[in-house]
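Single-structure report; data block below.
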Amino acid sequence: MTSLAGSRRGLLAAAALFLAVACGSDPPVADSVTVSPGERTLAVGGTVQLSAKVADENGDDIADAEVTWSSSADAVATVSDSGLVTAVASGMATVTATSGSAKGTATITVE
């Protein structure tokens, strides 16, 4: 009976190791964010949809990367959670897309 119990423990340890290796791979880490278009001029009230391309250190796209959007000047241009920019008043704003520690920007000029 001792050898059967030992065999079961060995199989369980092997199964646990397999699951740890198969399921425990770390997700890719964002190394760069590219925002498109990189610059745009809008009239007050105008909008533009920005997109963010997130890549890992090898330059491979990370399709499901979480991106957070922000504007340097909400009084000039606001940005939604999906990257839709709305021009509010004349001036310039930098819109930033952030994924992890990587960032990309677009310059928005409102006339």
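The values are calculated or read from the model by the stated rules, or taken from the named source; none is laboratory data. Bear in mind the structure is a predicted one, so any value in this text is a computation, not a measurement. Neighbour counts are summed over all protein chains in view; Cβ atoms, including those assigned to glycine, are modelled from backbone coordinates with ideal geometry. Just the protein is used for accessible areas: all its heavy atoms, side chains included, with ligands, DNA and RNA removed. Shrake-Rupley method; radii C 1.70, N 1.55, O 1.52, S 1.80 Å.
Conditions (1) at pLDDT below 95; (2) out of contact with any Asp or Glu (no Cβ under 8 Å at 6 or more places or on another chain); (3) acidic (Asp, Glu), marked per residue:
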residue: Ala30; (1), (2), (3): yes, no, no
residue: Ala43; (1), (2), (3): no, no, no
residue: Val48; (1), (2), (3): no, yes, no
residue: Lys53; (1), (2), (3): no, no, no
residue: Ala63; (1), (2), (3): yes, yes, no
residue: Val67; (1), (2), (3): no, yes, no
residue: Ala75; (1), (2), (3): no, yes, no
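Looking only at segment 80-95, filter to residues that are under 17 Å from Val33 (Cβ atoms) and buried (at least 18 other Cβ atoms within 10 Å of the Cβ); which one of those is farthest from the chain's Cα centre (by Cα)?
Once the filter is applied, the top-ranked residue is Val85.
Taking the stated definitions as given, is Thr86 of a type in the set (Val, Ile, Thr) and within 19 Å of Ala30 (Cβ to Cβ)?
Spelling it out, it is not the case that Thr86 is of a type in the set (Val, Ile, Thr) and within 19 Å of Ala30 (Cβ to Cβ).
Take the residues in segment 38-66 that are open to solvent by less than 40 Å² (accessible area, probe 1.4 Å) and not small (Gly, Ala, Ser); name whichever of them is farthest from Val85 (Cα to Cα).
For segment 38-66, the residue satisfying everything is Asp56.
Across segment 96-111, what is the number of residues that are of a type in the set (Gly, Ala, Ser) and open to solvent by 50 Å² or more (accessible area, probe 1.4 Å)?
Count: 2.
Six or more apart or on different chains, Cβ under 9 Å: which pairs go from a residue in segment 31-59 that's free of Cβ contacts under 8 Å to residues at least 60 places away in the same chain and at positive phi to one that's open to solvent by less than 80 Å² (accessible area, probe 1.4 Å) and among the hydroxyl-bearing types (Ser, Thr, Tyr)? Could you list them?
From residues that are free of Cβ contacts under 8 Å to residues at least 60 places away in the same chain and at positive phi, the pairs are Gly45/Thr86; Gly59/Ser32.
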